[in-house]
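The values are calculated or read from the model by the stated rules, or taken from the named source; none is laboratory data. Computed from a prediction, not measured in an experiment: that's the story for all the values here. Cβ atoms come from the backbone with ideal geometry, glycine included; neighbour counts cover every protein chain shown.
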Amino acid sequence: MDYSKKLKKYINVLVHEGGSDLHISADFHPTIRVDGSLLPMQSEPVLTKKDTAAFAELLMGKQAFKNFLTVKEADFSYQTKDGNRFRCNAFFQRGAIGVVMRFIPKEIKTVEELGLPPILETFARKQQGFFLVVGPVGQGKTTTLAALIELINQERAEHIVTIEDPIEYVFEPKMSLIDQREVRLDTANFRVALRSAFRQDIDVLLVGEMRGPETMAAAVSAAETGHLVFSTLHTNDAAQTINRIIDSFPANQQEQIRLQLASALLGIFSQRLLPRIGGGRVPAYELLIANKAVANLIREKRTHEINTVIETGAKDGMIDMNHSLAELVAKGEITPETAMQYSLNPKLLDKLL
């Protein structure tokens, strides 16, 4: 098999179909994900263990592949000759190699083009603070953050540093100076890169993902000391996000991080991509704006009341997930059944529909 030619064909199919991911797994047809559904390429042969290993080596390069055989896991980026970029993960399963390739569009869409609320742009225009975009894997968090970073890039002369594993969207400097650092390629890890960031005269910092208490502490400290910091977490909503951050620390450090978070937090945006009636996906979302009331709840260990604050905070620009879902149903974008499936409080949503 000509693996280079086959890979190019698989990628062309993915791009043509508007897919988000390409799966290369032994004993399966190559498979793409389109609008959230997995679609096997039935016209292509089932892949063998030899095939998937060859694809992995082609994607990573010989030296990286050799290292992968030792550690059994690898995150990396891949770019085709025509500029299509992918975030890739290689792994072993039942003794065979599997690879998943997430397609990263070349174009960085605006908040409006993504169907997100305009109020998000206000967070990109802040001078300092900590803003999080949260949600499960594959729900568009990175794409949302890219829209905010690109807005800064277009409007202000700032020094923007991104720390990613791997780099996904590639920014073209416009008004801003942008340095993008990839873990393992440009820096040992997030912790080391964050420590160095304080000596790099940065204005805006994007941390691709907060991993562990050291990364979280450094990100919050950066926001406290005059920087605008963006990051992501795999959490479901604002209250859970705050608790996850605080609970990541030993008991004797939790009070300190709680106070720092209360002081530095700007907001938390939680999003989901839902199947749209007629095809495609549409975002539903929740937005917590960290006003004085929210800061007090964090300090006083009353994060369980945050959902109520969001539900009653529309006049301050807050958005709760159930109202977002109900609005999508009213517009005919999604079915009531889909809304109920994605709601974290179906009883309350039922009253809104």
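Observations, loosely collected:
- Selection from the stretch 191-213 of residues that are more than 21 Å from GLN254 (Cα to Cα) and buried (at least 16 other Cβ atoms within 10 Å of the Cβ): ALA193, ALA197, ILE202, ASP203, VAL204, LEU205, LEU206, VAL207, GLY208
- Scope the stretch 255-291; condition at pLDDT 95 or above, out of contact with any strand residue (DSSP E or B) (no Cβ under 8 Å at 6 or more places or on another chain) and not β-branched (Val, Ile, Thr); matching residues: GLU255, GLN256, ARG258, LEU259, GLN260, ALA262, SER263, ASN291
- Residue match in the stretch 101-121 (condition: of a type outside the set (A, V, I, L, M, F, W, C), farther than 30 Å from TYR285 by Cβ and modelled with pLDDT of 95 or more): no
- When residues in the stretch 40-88 are screened for being free of Cβ contacts under 8 Å to residues at least 12 places away in the same chain and within 19 Å of ASP27 (Cα to Cα), 3 of them pass.
- The single condition among (1) in a helix (DSSP H, G or I); (2) in contact (Cβ under 8 Å) with a residue 24 or more places away in the chain; (3) under 24 Å from GLY280 (Cβ atoms) that ASN12 does not meet is (2).
- Against the conditions (1) in contact with a His (Cβ under 9 Å, 6 or more places away or on another chain); (2) crowded, with 19+ Cβ neighbours inside 10 Å, LEU22 satisfies every one except (1).
- Flag for ARG199 being out of contact with any Leu (no Cβ under 8 Å at 6 or more places or on another chain) and part of a loop (DSSP other than H, G, I, E, B): yes
- Hey, TYR78 of a type outside the set (Gly, Ala, Ser) and in contact with a strand residue (DSSP E or B) (Cβ under 8 Å, 6 or more places away or on another chain) or not: yes
- All positions within the stretch 317-335 that are surrounded by 14 or more Cβ atoms within 10 Å (Cβ to Cβ) and in a helix (DSSP H, G or I): MET321, ASN322, HIS323, SER324, LEU325, ALA326, GLU327, LEU328, VAL329
- Single condition GLN42 does not satisfy, out of (1) within 24 Å of the chain's Cα centre (by Cα); (2) under 25 Å from GLY280 (Cα atoms); (3) not in a helix (DSSP H, G or I): (1)
- Residue count for the stretch 102-136, restricted to those that are part of a strand (DSSP E or B), in contact with a helix residue (DSSP H, G or I) (Cβ under 7 Å, 6 or more places away or on another chain), of a type outside the set (Val, Ile, Thr) and farther than 16 Å from GLY317 by Cβ: 3
- In this structure, THR232 does not satisfy being hydroxyl-bearing (Ser, Thr, Tyr), out of contact with any Asp or Glu (no Cβ under 9 Å at 6 or more places or on another chain) and surrounded by 15 or more Cβ atoms within 10 Å (Cβ to Cβ).
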